[in-house]
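Student: Here it is, the structure, as structure tokens.
Read-outs throughout are calculated quantities, based only on the coordinates presented, and are distinct from any laboratory measurement. Keep in mind the model is a prediction, meaning the values are calculated, not measured. Neighbour counts run over all protein chains shown; Cβ positions are idealised from the backbone, glycine included.
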Amino acid sequence: MSLPADKLSSIVDPEILAYLGVLEAEDPFLDTLEAHAAAHHFPLIGRQSGRLIELLCRIGGIRRAFEFGAGWGYSAFFFARGGAQVIGAERDPWELEHHARLFAGHPLKASIHILQGSALDVFEKTSGDFDAVLLDLHKEDYAMALDVALPRLRPGGLIVADNVLWGGRTARGSGDPSTQALIAYNQRIFRDPRLSSVIVPVGDGLAISRKHG
Ligand SMILES: C[S@@+](CC[C@H](N)C(=O)[O-])C[C@H]1O[C@@H](n2cnc3c(N)ncnc32)[C@H](O)[C@@H]1O
């Protein structure tokens, strides 16, 4: 079966997504989260990107992560399953209510802390360094989030940014502000000498940047 959460915002051929869905034995809790997203037309990073994040957490020993744009905790679920404690920032109080309801009683709930407010404000109120950050907020704020996150990312830490292919618009170069912001973000992560980056064409495009040690 193809997955509603991936179908909502994926550049990947639906037939390929369906094949991947057949291969994976997954936690039925994800079906619940994805059905909730489909019912509310809520964009998620998707299962493939989530699984990649989980694997990165396990490979990279990521224990503390911050999410700029947490929604109600779908992407945080994968960080938590990969062994990280996640602090997420979400500006919409409605989504925090959904997070509390959907994750009530779930064993990974204790690893996920979503705080309400502007992501940049919430980040400034935290202290200490992070092993990884996820950028999944308003696209025009990616550059600012990168600016504030980099100094507090430990050497070898990861910056993961979703939607960097933006349904193909970053490749085609359309003129709207979100696309332009993402084009600038993509150029920057390949030019910044502090970072090694790759863009993986999974979901809606996932940029993974490692801060040099
Ligand atoms: C694509 S959804 C996030 C989904 C989540 N990362 C996931 O995959 O489960 C983006 C979320 O970021 C929130 N958001 C956008 N800009 C924000 C900002 N500047 N501060 C806090 N939240 C923001 C939106 O309200 C929305 O819930």
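Student: Mind checking which of Gly105, Trp72, Gln48 is farthest towards the positive end of region 1-118's charge dipole, using Cβ charges of +1 (Lys, Arg) and -1 (Asp, Glu) about the Cα centre?
Tutor: The Cα lying farthest towards the positive end belongs to Gly105.
Student: Which of Pro201, Phe29, Pro155 sits farthest toward the positive end of the charge dipole of the chain, with +1 on the Cβ of Lys and Arg and -1 on the Cβ of Asp and Glu?
Tutor: Pro155
Student: Ok, one more. Which aspartates and glutamates have a Cα lying under 12 Å from the Cα of Lys211, excluding residues fewer than 8 positions away in the same chain?
Tutor: Partners found: Asp131, Asp192.
Student: May I ask you to list the aspartates and glutamates whose Cα is less than 15 Å away from that of Lys139, ignoring any residue fewer than eight positions away on the same chain?
Tutor: Those aspartates and glutamates meeting the cut-off are Glu67, Glu90, Asp147, Asp162, Asp176, Asp204.
Student: For each of Thr179, Thr32, Thr126, Thr170, count neighbouring Cβ atoms within 10 Å of the residue's Cβ, then give the residues from fewest to most.
Tutor: Thr32, Thr126, Thr179, Thr170
Student: Let me ask something additional. How much mean residue ellipticity at 222 nm does the chain get from its helices, if each DSSP H run of length 4 or more adds -39500 (n - 2.57) and you divide by all residues, to the nearest 500 deg cm²/dmol?
Tutor: -13000 deg cm²/dmol
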